[in-house]
Amino acid sequence: MIDFGVILCVYLIVSFTVNLEFGYTGVPNFGKVLFVAVGGLTAGSLSYYLMGYLLRIPNLSNLDFQFVNTPEMSKALATQPLLALGLFMFMLVVGALVGAVFGFLASYPAIRLREDYLGMLLLAAGEFLRVFVQSYYPITGGTQGLDLPDVLASTYTTQELRQVVVLCILIVFTVGIFFYMERVARSPLGRTLRAVRDNEIASNALGKNNVAIRRNVLIVGSAISGIAGVLYIIYSPYISPTTFLRTEFTFYPFVIVILGGAANNYGIVAGGFALVGITDVIDQYRTYALLHSISVPIDLNAVEPIAIGVLLIVVLLVRPRGLVSEKPTLTLKKTDLMKLMESTTKLAENKKIPKKTEEKEER
């Protein structure tokens, strides 16, 4: 259940950003893995080098010694909670800043390219990052990966307790981002985003800067995606070129948005539970079958994509707009709107209609 909750929270955070970009604004960011990975990999790699510099560890640049250096770093963090908290905040800030910078760079092609070309460009950019990290040794040591210092070392005594701490942190971030997205959706900005998505010409005619809106949405969404990448490596303090895969951090978030319903944050939560529930049940049964040597007439590794595909087809046939369809966003509460309408009606009734003048009567 803890593993289910952790994976669900990470997917929900990334899916909220996909919903902001694609659901509300209409920007098809098919390179979402790029912004999640660049935030997590950069923050994780810098945390290793920063701790090594603070502890004056020799041979820091030679990542072949990481299996000796990393336990020493984690031991120091376990005895210094303030240092561990500072390193954790440093990783979050770095992940958000790097994600925002890459989001800003991605906004330039988003302005000039059509939606289909933009999607293909961002998809290729995400794959380019994976190849670059695999080839550039200082980030993760190439294909061998990099063990990271445990910033939560001072908060637990057993591995089970550590997982509970990680889950609590992820729940706090997920709930906070959910309320932030709801606040944006219910603000005048939320209606503006839908206007840009539905009719750019009309929104531009009304004085809206479509270019600036798309740019800002990509920056905010990419910054939050970078934070999601950092939280994911906090859960498992290890990074490699295959830590962030295109299937998990691009395809799955889009499936969650389609299942739950675009431009509806409550639908994202419903879609997340549906997707992660299916994948987690299959993973648990696969582990159970291996432990008990149960013979299964089908490859369980192929069951997961089949189950997701069937679920997606069924939902699209039954509810094409998702489990929770998009609804008009009211900036004010219904009670406030009713009071405003009543006061307007009373004002119209009490307003006196001026009588015709004698000159108009003679005419």
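The values are calculated or read from the model by the stated rules, or taken from the named source; none is laboratory data. Note that the structure is a prediction, hence the values are computed from the model and not measured. Backbone-built Cβ (ideal geometry, glycine too); neighbour counts: all protein chains shown.
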I'd like to verify a number: residues in region 52-61 that are loosely packed, with under 11 Cβ neighbours inside 10 Å and free of Cβ contacts under 8 Å to residues at least 12 places away in the same chain, how many? 3
I want to confirm something. Restricting to region 161-177 and keeping residues that are without any contact (Cβ under 8 Å) to a residue 40 or more places away in the chain and over 17 Å from the mean Cα position of the chain (by Cα), which single residue is nearest to ASN19 (Cα to Cα)? CYS168
Restricting the search to region 285-343, which residues are farther than 30 Å from PHE251 by Cα, among the hydroxyl-bearing types (Ser, Thr, Tyr) and without any contact (Cβ under 8 Å) to a residue 24 or more places away in the chain? SER293, SER295, THR335, SER343
Please determine whether any residue of region 35-51 is without any contact (Cβ under 8 Å) to a residue 40 or more places away in the chain and in a helix (DSSP H, G or I). yes
Which residues, counting only those in region 305-339, are of a type in the set (A, V, I, L, M, F, W, C) and under 21 Å from ALA185 (Cβ atoms)? LEU323, VAL324, LEU330, LEU332, LEU337
Is at least one residue of region 103-119 touching a helix residue (DSSP H, G or I) at 6+ places or on another chain (Cβ under 7 Å), at pLDDT 90 or above and either in a helix (DSSP H, G or I) or surrounded by fewer than 19 Cβ atoms within 10 Å (Cβ to Cβ) (or both)? yes
Restricting the first residue to region 247-264 and requiring it to be in a helix (DSSP H, G or I), which pairs with a second residue that is of a type in the set (Ser, Thr, Tyr) meet a Cβ separation below 7 Å and a spacing of at least six or different chains? TYR252/TYR11; PRO253/TYR11; PRO253/SER15; ILE256/TYR11; ILE256/SER15; VAL257/SER15
Residue count, region 277-291 (criterion: at pLDDT 90 or above and either among the polar types (S, T, N, Q) or under 15 Å from the mean Cα position of the chain (by Cα) (or both)): 1
Only residues that are buried (at least 24 other Cβ atoms within 10 Å of the Cβ), aromatic (Phe, Trp, Tyr) and in a helix (DSSP H, G or I): list them for region 224-246, please. TYR232
Looking only at region 145-159, decide whether some residue is among the hydroxyl-bearing types (Ser, Thr, Tyr) and either under 20 Å from the mean Cα position of the chain (by Cα) or under 27 Å from PHE30 (Cα atoms) (or both). no
So, of the residues in region 13-25 that are closer than 13 Å to GLU182 by Cβ and among the hydrophobic types (A, V, I, L, M, F, W, C), which turns out to be nearest to the chain's Cα centre (by Cα)? PHE16
